[in-house]
Amino acid sequence: MKKERVLVQCTVNGKEVAEYVDPGESLLEMLRNRLGLTSVKKGCEVGECGACTVIVDGETIDSCIYLAVWAEGRNIRTLEGLEKNGELTRIQEAFIEEGAVQCGFCTPGFIMSATVLLEKGEVLTREAIKKQMSGNLCRCTGYQNIVNAVEKVMKENADQK
Amino acid sequence: MYDIENYYNAETIKEAVTLLKEHPEARIISGGSDVLIKIREGKLAGTSLVCIRDIKELKGIIKMDSGDIYIGAGTTFSHITSDPVIQENIPVLGEAVDQVGGPQIRNIGTIGGNICNGAVSADSAPALFSLNAMIRTADGSGGRTVPIHDFYLGPGKVDVKPGELVTHILIPEKEYTGYHGHYIKYSMRRAMDIATLGCCVVSRINPSANILEDIRITFGVAAPVPLRCVKTEEALKGSPVNEKLYQAIEDKVREEIHPRDSWRASREFRLQIGGEIARRALERTVELAAGGERK
Amino acid sequence: MIGKSVPRVDAYEKVTGRAKFTDDMVPPGCLVAKVYHAAIGNGIVKSIDTSEAEALEGVVKVVTFKDVPDHCYPTPGHPWSVEPAHQDVADRNILTGRIRYYGDDIAAVVAEDERTAVRALKLIKVEYEEYPVEIHPRKSMYGSHPPIHFDKKDNVLNRTNFFIGNVDEGLEQSDTVVKRSYKTSMVQHCHLENPVSFAYMEKDRIVVVTSTQIPHIVRRVIGQALGIPWGRVRVIKPYIGGGFGNKQDVLYEPLNAFLTMQVGGRPVKLELTREETFCNTRTRHAIEYDLTAGVDKEGRLLAKDMEAYSNQGAYASHGHAIAANGLTAWRLQYACPNIRGEAYTIYTNTPVGGAMRAYGIPEAAFAIECFMDDIAAEIHMDPLEFRRKNLIRGYYEDAYLKPIAANSNGIFQCLEKGAEYIRWEEKRKEYAAQTGNIRRGVGVALFCYKTGVWPISLEIAGARMSLNQDGSVQLQLGATEIGQGADTVFTQMAAETLHLEMKDIHIVTVQDTDVTPFDTGAYASRQSFITGTAVKQCAEQLRDKILAYAKTLLPKEETRELSLDHGWILAGDEEAISLGALAQECYYSLTNSSVITAEVSTQVKKNTIATGCCFAEVEVDLKLGQIKILHIINVHDSGRLLNPQLAEMQVHGGMSMGMGYGLSEQLILDEKTGRPLNGNLLDYKLMTALDTPDMEAEFVELNDPVGPYGNKALGEPPAIPGAPAIRNAVLHATGVAFNEIPLTPQRLIKAFTEAGLIGKEGEQHV
């Protein structure tokens, strides 16, 4: 099953990356297997659970249904890129404070979805937050504290403006 | 790891058409949310792909001088929903595609892909049918323009010939000016779901006379392909807007749609829901025509 | 420390993505295994040809049912029993040529990479001889030719019953007798991490790293399955992405262990797809109940009878324990002089029933709590009043299984809190006579739940502590963190008993059966109770050893009582020596060094009953067949809360699962083959954030006299009462009594049409 590999050059968590990938390789596989970014979780492989959510050029995608070759020239962010030398982002802290973490398997995907949402700077209703977080499934929390964490940081950001 | 035989990347429409002609066995891939899943399922395992993601000409929405709205086939659902031209002129389309899957899917899925996979449950289809959209293709020798009603040939089958590529969708100015539309997706979940039944009503009301001047009703998942309820439309046009009209749309739609029994939902059930969502969609367009705010 | 909402000890690792799960630890160059599943629902393999698959470049090994040990082994996560009569049913082979359900495991491929393994599966050729498929337990129980398992001719895995008093006489004396039937659906756990393991050999031993709730049990079962000494197996459990009971079963670990042996001990990974997780792991049993009860004029239960028929699917797994647990629940909580119960667990050609959060009680409680409402309706009594009239106040114990007892019982307080939140009295009246398409209602359901498995099974837990050089304490347990927060509450317990800060307790989160103390794992809401008892004992032992050692360091004339307090050894009220200084001495003293450690293995012969309730307010759109939950609250009496925030989180998750169980979740099987039609996360309707209403979690905190820190079961119970509470609220809203879950729109439309609430006729009435 030898395939000609394709060179992909992109930015991952702020760093230039160049990898030869298989054309059939998903971005999920590239991030996990080649770059060791294991926060990107595999839960369904068909874009139904959101555990593999990463940010590509400012938009969330399911990296399981996104070919690695499509990353060419793009800016990719994973959960590993949020923390800076032990300093967490507010949404990461809020996930801890609000008790939004249980088994932790869906957590990376949720934090990435929340990150994009918060960076947009909009102030949304609770219902609208739920809609924006509805591409990520969680079986432990019933979503309540996850939504609480997002709502809390959104409110803080709005208050600071 | 997707089982892909050969992968070709096109950067222009011309390149794409050339690649498709050179490799007739290859499938077009755009957002990937349908094609990759079919590869994984085994239905398309070992296929070759022509990727059209990098074709800039396929992206974007423009209101042309004619007033017609041009929607690039490679425009993603989330871009359609947030586009000011869509919001201002045909908000129903933006609302409909905002109900596809979840945010991540809406960030990769494209409207061209949505109609080209021929699924009767495509959330964009009922709105495009009710807006009398025209599908524009390229084939290296001028291409074709196909009304969307003729574009769907059967379940999973659309009118795209070998070596041909859908480039954009046109919504003619006369088809939306003065109209109001509403799409109801009936599904088992409020997100991450496919429609059990979908109904888009686009209507034109004469407010002073309180008359329904024109109406277009389209159903997804009520037949093998998206279904315009032409008979119901004809029967309703010119009717006064009142409870009798709403009862009529409910009853007539139930006679006109022919959903099937499946493990997902029974025919009986879909008939009940079909009538009800048609009524509610029409009621909503009447509210909108009267100045009701979009949610 | 107990009773404080301290943050989870694993939260930082999890919000940074540093927490390592099984698939994050796979060694480079690991081979990949894939399983070949049967494409029929019942029959035998007549022939199998793997030659083409073996010839494929990159394929390392293909094994079939002909290659595996031919003895059977049991899979459930129960403690082993040394009494053969109490041992679990051994009815599985690692691979099989006798197909008992669609998707049964026939062969496996080991390849250099996943794509090659998948391609190789397609090259395997199998010829079958097919037998008729039966997916319904009440048909299967009349036997089949051949039977699903040769030693159970009538396909009945087990049948048990019990009698208290005389039900027939009780029914005769009753003023009203009510009979109803209820049915629950097969559902799946849907933990976000699919089962995954990798296995390799070290010398002649097999190491399996796996996503499990029960590492020590997995070790034993691998030993049994392979027929090798159990000591040759080492199981390592890292962080896991949820389990909910599915990983309280030994799934593909024996196959994984077998495969590494077939390739010379090279590492082999076996990861299930989501579709395999639905079809080939475990499900919650679908159970049918026939209930009868008699009440007197005052609405007091005089007699009640339960018959239960549980669909086991193709293999025994946890088997009859699930339906039997429902029988036990039938005896508890409500006073009734005459009770009878009988349960059958029946093999069918469907995916296998196993453990799932609350172990048979969500099923039984659905039937029982719907029935309570239906009896109340029959005698025109408010359903809450009817329950209050029949509930046992205070202490009660099970008639059969001693010492299962409600050692503390806060059910009346729970009901009070719930009724107040939902405004029961007011809304029952307000919604009594509604018209129109939108109808509202309120409903209630309650439950009781044991803590751990004693005396049905063994309860044993181990703990080990050692004092570090700086006076901090290392804590090692065989009990597992599966997302519920076990590591956090164990740390709190150790800190509490040793009078230390959270930061001074270092819990080892990974279990490794080579080094971690023996504990049977996470299930039965047992760990905070059973392992908690061991943690407390171990901490007390460590404390005593520290104080004894302190005595050797202090002047002889020091006679005051010594105690531990925040890193100091106090003599009387006075700081005598810091724990850090003492620790240095115990490690490095040239005259008297002996590192202070403590280890316990504790058998617990106690059990105590937790309880609680759910109140729901719903809005029903009759014509669209949709239910909207307006308000929902769970109130729990789980004893003293170890960590209120974690407790609330457990309740949220359980409520969400309960709502899904009631409204949308069901694994639908093809009648002809038993194949799951919706075994994926698109078609199986797990609720999304947008589908989930805001939830309220409340507690009644009574100190349980039996729990190590006043605590009792909390992990599983929140999943129990939601479905029947919603169903009862729909009954209140519409007058239609649904006897089967989930309450799908299609079921609603059908029932509302039959009831004349919608459709041509109905419209005249609205």
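A short reminder: the numbers here are calculations on the coordinates, not readings from a lab. Everything numeric here is computed off the predicted structure, so don't read it as measured data. Counting neighbours? That spans all protein chains shown, and the Cβs are built from the backbone with ideal geometry, glycine included.
Descriptive notes on the structure:
- When segment B:4-51 is described by a simple charge dipole with +1 on each Lys and Arg Cβ and -1 on each Asp and Glu Cβ, the residue from B:Pro24, B:Ala45, B:Ile13 located farthest towards its positive end is B:Ala45.
- Here, the protein assembly as shown is characterised by an Rg to Rh ratio of 0.98, where Rg is the alpha-carbon radius of gyration and Rh the Kirkwood radius.
- Based on the Kirkwood approach, the hydrodynamic radius assigned to segment C:99-240 is 21.0 Å, with every pair of different Cα atoms included.
- Residue exposure sequence - C:Lys247, C:Lys685 - by fewest surrounding Cβ within 10 Å: C:Lys685, C:Lys247
- Chymotrypsin sites (Phe, Trp or Tyr not before Pro) within segment C:96-184, DSSP loop, no more than 10 other Cβ atoms inside 10 Å: C:Phe150
- The 3J(HN,Hα) values that the Karplus relation (6.51, -1.76, 1.60; θ = phi - 60°) gives for segment C:36-51 are, in residue order, 8, 9, 5, 9, 10, x, 6, x, 10, 7, 7, 8, 9, 10, 10, 4 Hz. Gly and Pro appear as x.
- When +1 charges are put on Lys and Arg Cβ atoms and -1 charges on Asp and Glu Cβ atoms, the dipole computed for chain B relative to its Cα centre reaches about 480 debye.
- Applying the criteria of a DSSP loop state and at most 13 other Cβ atoms within 10 Å to the trypsin sites (Lys or Arg not before Pro) of segment B:1-86 yields B:Lys43.
- Relative compactness, segment C:134-177, computed as alpha-carbon Rg over 2.2 N^0.38 Å: 1.82
- Compared with the dominant principal axis of the Cα atoms in chain B, helix B:13-22 is inclined by about 60°.
- When the charge dipole of chain B is built from unit charges on Cβ atoms (+1 for Lys and Arg, -1 for Asp and Glu) and taken about the Cα centre, the candidate among B:Gly275, B:Ala265, B:Pro162 whose Cα reaches farthest toward its positive end is B:Ala265.
- Average partner coverage of A:47-59, which counts Cβ from other chains inside 10 Å: 5
- GluC sites (Glu not before Pro) restricted to segment C:213-320 and DSSP loop, no more than 11 other C-beta within 10 Å: C:Glu298
- Summarising the amide proton neighbourhood of C:Asn158: residues at separation of 5 or more, or on other chains, whose placed amide H is nearer than 5 Å comprise C:Thr345.
- 19 Å Cα-Cα threshold exceeded, pairs from A:Lys120/C:Lys628; A:Lys84/A:Lys130; A:Lys42/C:Lys34; C:Lys66/C:Lys203; C:Lys183/C:Lys417; A:Lys41/A:Lys84: A:Lys120/C:Lys628; A:Lys84/A:Lys130; C:Lys66/C:Lys203; C:Lys183/C:Lys417; A:Lys41/A:Lys84
- Amide H contacts of C:Gly313: C:Thr348, C:Thr350, C:Gly353, each under 5 Å away and 5 or more positions distant or on a separate chain (H built 1.01 Å from N in the peptide plane; Pro and chain starts excluded).
- Tilt relative to chain B, helix B:243-256 - C-alpha long axis, 0 to 90 degrees, to 10: 40 degrees
- Here the dipole of the protein assembly as shown is about 1220 debye; that uses its Cα centre as origin and unit charges on the Cβ of Lys and Arg (positive) and Asp and Glu (negative).
- √(5λ) per eigenvalue of the Cα gyration tensor, segment B:138-215, largest first, Å: 30, 22, 10
- Remark: C-alpha extents of chain B on the principal axes read 59, 48, 31 Å, sorted largest to smallest.
- For segment C:59-72, Karplus couplings with θ = phi - 60° (6.51, -1.76, 1.60), whole Hz, Gly/Pro x: 7, 9, 7, 10, 10, 10, 4, 6, 8, 8, x, 8, 8, 8
- Over chain C, relative contact order from alpha-carbon pairs under 8 Å, at least 6 apart, %: 16 percent
- Tail beyond 14 Å, pair distance distribution of segment C:669-731 (Cα, percent): 78 percent
- Once exposed loop GluC sites (Glu not before Pro) are cut out (DSSP; at most 16 other Cβ, 10 Å), longest piece of chain B: B:26-292
- Only helical runs count toward this figure. For the protein assembly as shown, summing -39,500 (n - 2.57) over DSSP H runs of n ≥ 4 and dividing by all residues gives -8500 deg cm²/dmol at 222 nm.
- Expressed in units of 2.2 N^0.38 Å, where N is the residue count, the Cα radius of gyration of segment B:56-174 is 0.97.
- Gyration tensor over alpha-carbon atoms, chain C, equivalent ellipsoid semi-axes in Å: 43, 38, 23
- Neighbouring partner chain Cβ atoms per residue of B:191-201, average, 10 Å criterion: 4
- Segment B:178-289, dipole about Cα centre (Lys/Arg Cβ +1, Asp/Glu Cβ -1), debye to the nearest 20: 360 debye
- Of all DSSP bridge pairs formed entirely within chain C, close to 80 percent run antiparallel.
- Highest mobility in the GNM of chain B, judged by mean-square fluctuation with C-alpha springs under 10 Å and restricted to B:Ile69, B:Ile215, B:Ile37, is found for B:Ile37.
- Contact order for segment C:460-603, expressed relative to its length and based on alpha carbon pairs under 8 Å spaced 6+ residues apart, stands at 34 percent.
- Considering only A:Thr89, C:Val651, C:Ile99, and ranking their Cα positions along the charge dipole of the protein assembly as shown that arises from unit charges at the beta-carbon of Lys, Arg, Asp and Glu, the one farthest toward the positive end is C:Ile99.
- Backbone amide hydrogens, once placed in the peptide plane, bring C:Asn194 within less than 5 Å of nothing, excluding anything fewer than 5 places away on its chain.
- With bins 10 Å wide beginning at 0, the percent of Cα pairs of segment A:43-161 falling in each bin runs 14, 46, 33, 7, 0.
- Most mobile of B:Ser48, B:Ser239, B:Ser262 in a GNM of chain B (Cα contacts under 10 Å): B:Ser262
- The listed peptides A:115-121, C:456-462, C:119-125, C:343-349, ordered by packing as a protection proxy, come out as C:343-349, C:456-462, C:119-125, A:115-121 (highest mean of other Cβ atoms within 10 Å first).
- C-alpha long axis of helix B:267-289 to longest principal axis of chain B, angle in °: 70 degrees
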